[in-house]
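Written out below as structure tokens is the structure these notes cover.
The values are calculated or read from the model by the stated rules, or taken from the named source; none is laboratory data. Note that the structure is a prediction, hence the values are computed from the model and not measured. Cβ sites come from the backbone with ideal geometry, for glycine too, and all protein chains shown count toward neighbours.
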Amino acid sequence: MKGILICPTCGQQTLKVKEEAVKGQLLGPTNLTCEKGKWQVCVNDNCDTVYIKNKTVIRKDELKSAVFFKDKTDDALICYCYKISKGEIKLAVEHGCQTTGEVYKYLNKSKKGSCSSNNPLGKSCSNVFKHTLNLLLKDKVL
Ligand SMILES: [Zn+2]
């Protein structure tokens, strides 16, 4: 079991996450981060726990905004660099946009920029963006 960390709330396997990504999402002071160790993130959408480090557990209601992997509503942000929500991507799809480039153009956002410091997973949004867009396009066709 070495190296595999389990969420203490739901028992599912967690992912590693950069500390800067955790800090970017916290509502209050970040003194929770004094503990030594590595942050993990639970991406199970049925679990309220988001970040874990040793005995520190941060739940989704302690974060600044809804995180896309915990929240299925249209308010969940997908692109953190430009604050594009799922609802906005949906609107773009309803107006005929089919690629991420078209969505950015429709919403009048430049495609440049990096999500990695703002994104709760500490990664660029591009994969999640594409995934969300593909799901919404599929919904539209069906
Ligand atoms: Zn969990």
Of all residues in the stretch 104-127 being modelled with pLDDT of 80 or more and in a helix (DSSP H, G or I), which is nearest to Val93 (Cα to Cα)?
Tyr106
Is it the case, given these coordinates, that Leu135 is modelled with pLDDT under 90, aliphatic (A, V, I, L, M) and more than 11 Å from the chain's Cα centre (by Cα)?
yes
Any pair with Cβ under 8 angstrom, 6 or more apart, that starts in the stretch 6-25 at a residue that is away from the ligand (no atom under 16 Å from the Cβ) and ends at one that is assigned to a helix (DSSP H, G or I):
Glu19/Thr33; Lys23/Thr33
Do any strands (runs of 3 or more DSSP E) lying entirely in the stretch 31-97 carry at least 2 residues that are under 17 Å from the mean Cα position of the chain (by Cα) and free of Cβ contacts under 8 Å to residues at least 40 places away in the same chain, and which ones are they?
56-59
